[in-house]
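K.L.:
What follows is a structure written as structure tokens; I'll ask about it next.
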Amino acid sequence: MGDTESSLSLKQIQQMARSGTPGLALKLLDAQHPGLTKGSEEWFRWSRARTEILVARKSWELADQHLRDLPAELPESLQRWALSQRAWLLLESDRAPSARELLRELIWQYGARAQDTAEESLWRRMVIRSYMLEDRIDDAATAMHRYQQDFAGRQAQWLQLRARILLRQGRADIVLELPPEAVEKLSSPIRLLAQLRSGQIAAEQIIDATRKLIDDEATTAAEQARLYKIITEAAQVKSDFPSALSALEHALELADELPLSDKLFAVSSDELWRVYQSYGEILANQSQLLVGDDVGWINEIRTAVETNALVRAKSLIVAMIAVTQSHSRRAQLMVQLANVLNVQYGNWRVVERLFLHSDRFPEMSYVPESVRAALVEQAIERSDMVLASNLLASLRDTGTAADLASNLRRARVMIFGGRADAGFDVLNGILDRELFLEAEQLDQFMQVIFDLQAAEQHQYALQLFLRLEKERSLPAERRRELFFWLAESYEATRQYPLAALYFMRSATYTNPQGSDLWGQSARYRAAEVLTEAGLLSDARHLYESLLAITADDARRAVLRGKIQQLWVVPADPENVGN
């Protein structure tokens, strides 16, 4: 790291993460993390900041990895903190049994020494959450009863948790029987849900109060998700299907904002499918639509779309999907549903949740290809290359020469989505089909090979470079460049003699002396890999030849330094020249 980077404070790095560059923030943080050189308190500050950045990105595994290997010199209090953080991360990543195992270890090993019992009470509440995450509500209630006996007087810390357990047990009335000052301390979503489920307040009043909170600028996206869930329930109480469906769609759009452990307010795509179908069946009966009368259904759906009655249209579509006997018709209806949702929301988040997170589609192949293709575009737009590559893997490759651009794009998405083997197969297939790649096409093809190199998939890059070298009539300058890229991949795979060979071939291919700027650069790189190979005499000869033709003082200083270093670098006796 340079002086500018090393002078950044932890506060500045945290601001970078909040400003939209968490990857850069993490890189700087890791480079400057003081470890224990400045004491355990500094280790704690920097480690906590690192965890917070990764948690914001939902990178649970990376956050956990940093906390697994604790410095032995850490005070016991910070070891407890790190283990507590790990347990919390396990809960957030839906690994309740592992979290509970770690928490029990903490309680048995450190419970008696936890300061003012505050830590032990936290661990015990996390155990209760672990039961709730697994839908073991009775076990959670039993653990809560014991907690209240052992930690009397800590009402503020367990009140929300107790209310959640009671609501999931179907005992909303008990929540509202708590002392008024306790009820007031409950979060607005929990209090509103309790009032709704107990029947204490009318559904319409609940909806009005909830919508006001949603419109409040201070309400977070996670709170909005919870509030839309409440509207969904309240609207269903009064059989207001359009309001219920609208709220359910919004809740599903915000589903990723909620932690996995928040099952009380969670919504699912299957729930949305069910409510669509229920309302669609009611509408179909009102319109006297008969099973098998596809024309009648389609006309009714078309009218609803044309009059912008989109909730009606979507519900009829889903109801028709359930009754039509035609597989192709069913696929067409799914595509129409996706299009209507996209028109309504202007994005495909609800479509993605509806089709990719539902028990109705156990495999991606069950989702119509045109829907998957559209979802690929959306995933690429928001840089979710893993999802894009998974979707692309499920789509048929057209495999025609006319689709060169789309196939190159397909390969690129596969590579950056972690499917380098599939990306390589696409590129290899292009070379199998194409008799000749024009200059512009070759440039595009080479860019994707560079993507393989960037993804550290040099074994695939080498195979493609070698195919191009052997099978294509390349212009001399392009072949010279190809030798250079080949050398870089050989270097990355520690095949230093081959790397040196191709760097030198690149240096001298169109200029036997390698004296032009390209040749000088390639010879310099050749000297570097020759050093790695232990061929110090050859490396020294190249550096000296470059020094003889270099006029720039700064470059000459670098070359002299390289030559001096070679006199102190040990080499294999067999490789040292005269």
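K.L.:
Going by the conditions given, is residue 95 of a type outside the set (A, V, I, L, M, F, W, C), crowded, with 17+ Cβ neighbours inside 10 Å and in contact (Cβ under 8 Å) with a residue 12 or more places away in the chain?
P.N.:
Working: of a type outside the set (A, V, I, L, M, F, W, C): yes; crowded, with 17+ Cβ neighbours inside 10 Å: yes; in contact (Cβ under 8 Å) with a residue 12 or more places away in the chain: no.
Taking the combined requirement at face value, the residue does not satisfy it.
K.L.:
Please go through the range 215-226 and give me each residue that is within 24 Å of residue 273 (Cα to Cα) and either in contact with a His (Cβ under 9 Å, 6 or more places away or on another chain) or among the polar types (S, T, N, Q) (or both), ordered by number. Before you say what the answer is, go through the steps one by one.
P.N.:
Keep residues of the range 215-226 that are within 24 Å of residue 273 (Cα to Cα), which gives 221-226.
Of everything in the range 215-226, those that are within 24 Å of residue 273 (Cα to Cα) and either in contact with a His (Cβ under 9 Å, 6 or more places away or on another chain) or among the polar types (S, T, N, Q) (or both) turn out to be 224, 225.
K.L.:
Right, here's the next one. So which of 202, 172, 218 ends up being more than 29 Å from the chain's Cα centre (by Cα), of a type in the set (A, V, I, L, M, F, W, C) and surrounded by fewer than 17 Cβ atoms within 10 Å (Cβ to Cβ)?
P.N.:
On the way: 172 fails: surrounded by fewer than 17 Cβ atoms within 10 Å (Cβ to Cβ); 218 fails: more than 29 Å from the chain's Cα centre (by Cα).
Answer to the check: 202.
K.L.:
Check 26, 90 and return the single one that is within 20 Å of residue 258 (Cβ to Cβ), under 24 Å from the mean Cα position of the chain (by Cα) and either in a helix (DSSP H, G or I) or charged (D, E, K, R) (or both). Write out each step before concluding.
P.N.:
Values: 26 fails: within 20 Å of residue 258 (Cβ to Cβ).
Answer to the check: 90.
K.L.:
While we're looking at this one, here's another question. If we scan the range 63-82, do we find a residue that is open to solvent by 40 Å² or more (accessible area, probe 1.4 Å), under 20 Å from residue 15 (Cα atoms) and modelled with pLDDT under 80?
P.N.:
No.
K.L.:
Let me ask another. Kindly list the number of the only condition in (1) open to solvent by 40 Å² or more (accessible area, probe 1.4 Å); (2) assigned to a helix (DSSP H, G or I) that fails for residue 231.
P.N.:
Of everything listed in (1) open to solvent by 40 Å² or more (accessible area, probe 1.4 Å); (2) assigned to a helix (DSSP H, G or I), residue 231 misses just condition (1).
Each row is one residue, and each column tells you yes or no for (1) aliphatic (A, V, I, L, M); (2) open to solvent by 10 Å² or more (accessible area, probe 1.4 Å); (3) assigned to a helix (DSSP H, G or I); (4) modelled with pLDDT of 85 or more.
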| residue | (1), (2), (3), (4) |
| --- | --- |
| 314 | no, no, yes, yes |
| 319 | yes, no, yes, yes |
| 322 | yes, yes, yes, yes |
| 335 | yes, yes, yes, yes |
| 344 | no, yes, yes, no |
| 354 | yes, no, yes, yes |
| 359 | no, yes, no, yes |
| 388 | yes, no, yes, no |
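K.L.:
From 226, 197, 191, which residue is crowded, with 17+ Cβ neighbours inside 10 Å, among the basic types (Lys, Arg) and under 28 Å from the mean Cα position of the chain (by Cα)? First the steps, then the outcome.
P.N.:
On the way: 197 fails: under 28 Å from the mean Cα position of the chain (by Cα); 191 fails: under 28 Å from the mean Cα position of the chain (by Cα).
That would be 226, the only listed residue that is crowded, with 17+ Cβ neighbours inside 10 Å, among the basic types (Lys, Arg) and under 28 Å from the mean Cα position of the chain (by Cα).
K.L.:
When you scan the range 8-45, how many residues do you find that are within 27 Å of residue 72 (Cβ to Cβ), without any contact (Cβ under 8 Å) to a residue 24 or more places away in the chain and open to solvent by 60 Å² or more (accessible area, probe 1.4 Å)?
P.N.:
Initially, the range 8-45 is screened for residues within 27 Å of residue 72 (Cβ to Cβ), giving 10, 13, 26-45.
Keeping just the survivors that are without any contact (Cβ under 8 Å) to a residue 24 or more places away in the chain gives 27, 30, 33-34, 37-39, 41-42.
Among the residues that remain, those that are also open to solvent by 60 Å² or more (accessible area, probe 1.4 Å) are: 27, 30, 37-38, 41.
Summing the residues that are within 27 Å of residue 72 (Cβ to Cβ), without any contact (Cβ under 8 Å) to a residue 24 or more places away in the chain and open to solvent by 60 Å² or more (accessible area, probe 1.4 Å) in the range 8-45 gives 5.
K.L.:
Something else about it: Regarding residue 469, is this residue more than 34 Å from the chain's Cα centre (by Cα), open to solvent by 10 Å² or more (accessible area, probe 1.4 Å) and at pLDDT 85 or above? Please lay out each step first, then the result.
P.N.:
On the way: more than 34 Å from the chain's Cα centre (by Cα): yes; open to solvent by 10 Å² or more (accessible area, probe 1.4 Å): yes; at pLDDT 85 or above: no.
No, not satisfied.
K.L.:
While we're on this one: Return the pair list, or none, for Cβ contacts closer than 6 Å from residues in the range 194-213 that are of a type in the set (Gly, Ala, Ser) to residues that are assigned to a helix (DSSP H, G or I), at least 6 apart or on different chains.
P.N.:
Between residues of the range 194-213 that are of a type in the set (Gly, Ala, Ser) and residues that are assigned to a helix (DSSP H, G or I), the close pairs are 194/172; 194/175; 194/176; 198/172; 198/173; 198/176; 203/234; 203/237.
K.L.:
Quick one: count up the residues across the range 175-188 that are within 38 Å of the chain's Cα centre (by Cα) and in a helix (DSSP H, G or I). It would help to see each step written out before you state the result.
P.N.:
The first filter runs over the range 175-188 and keeps only residues within 38 Å of the chain's Cα centre (by Cα), leaving 175, 183-188.
Retained after the next criterion (residues that are in a helix (DSSP H, G or I)): 175, 183-185, 188.
Residues meeting the conditions: 5.
K.L.:
Please state which of the following conditions residue 58 fails to meet, knowing it meets all the rest: (1) more than 18 Å from the chain's Cα centre (by Cα); (2) open to solvent by 20 Å² or more (accessible area, probe 1.4 Å); (3) under 23 Å from residue 260 (Cβ atoms).
P.N.:
Evaluating residue 58 over (1) more than 18 Å from the chain's Cα centre (by Cα); (2) open to solvent by 20 Å² or more (accessible area, probe 1.4 Å); (3) under 23 Å from residue 260 (Cβ atoms) leaves (1) as the failure.
K.L.:
Pull out all pairs, ordered by first then second residue, where Cβ-Cβ is under 8 Å, the residues are six or more apart or on different chains, the first lies in the range 364-385 and is under 12 Å from residue 352 (Cβ atoms) and outside any helix (DSSP H, G or I), and the second is of a type in the set (Phe, Trp, Tyr) and open to solvent by less than 60 Å² (accessible area, probe 1.4 Å).
P.N.:
Partner pairs satisfying both residue conditions: 367/355; 367/361.
K.L.:
Read through the list (1) in a helix (DSSP H, G or I); (2) open to solvent by 30 Å² or more (accessible area, probe 1.4 Å); (3) modelled with pLDDT of 80 or more, then give the number of the only condition that residue 51 fails.
P.N.:
For residue 51, the failing item is (2).
K.L.:
Now for a different question. Quick one: which residue in 482, 530, 498 is under 30 Å from residue 451 (Cα atoms), open to solvent by 60 Å² or more (accessible area, probe 1.4 Å) and in a helix (DSSP H, G or I)? Full working, then the answer.
P.N.:
Working: 482 fails: open to solvent by 60 Å² or more (accessible area, probe 1.4 Å); 530 fails: open to solvent by 60 Å² or more (accessible area, probe 1.4 Å).
Answer to the check: 498.
K.L.:
Does the range 558-578 hold any residues that are at pLDDT 75 or above and open to solvent by 60 Å² or more (accessible area, probe 1.4 Å), and which are they?
P.N.:
558, 560, 564, 565
K.L.:
Which residue is nearest to residue 417 (Cα to Cα), if the candidates are limited to the range 452-475 and must be part of a helix (DSSP H, G or I) and basic (Lys, Arg)? Quick ask: steps written out before the conclusion?
P.N.:
At the first step, the residues of the range 452-475 found to be part of a helix (DSSP H, G or I) are 452-454, 458-471.
Subsequent filtering for residues that are basic (Lys, Arg) retains 467, 470.
Values: 467: 24, 470: 29 Å.
The qualifying residue nearest to residue 417 (Cα to Cα) is 467.
The values are calculated or read from the model by the stated rules, or taken from the named source; none is laboratory data. From a predicted model like this one, the values you see are computed outputs, not experimental measurements. Virtual Cβ from ideal backbone geometry, glycine too; neighbours counted across all protein chains shown. Remember, those area values only see protein heavy atoms, side chains included, never the ligands or the DNA or RNA. Shrake-Rupley method; radii C 1.70, N 1.55, O 1.52, S 1.80 Å.
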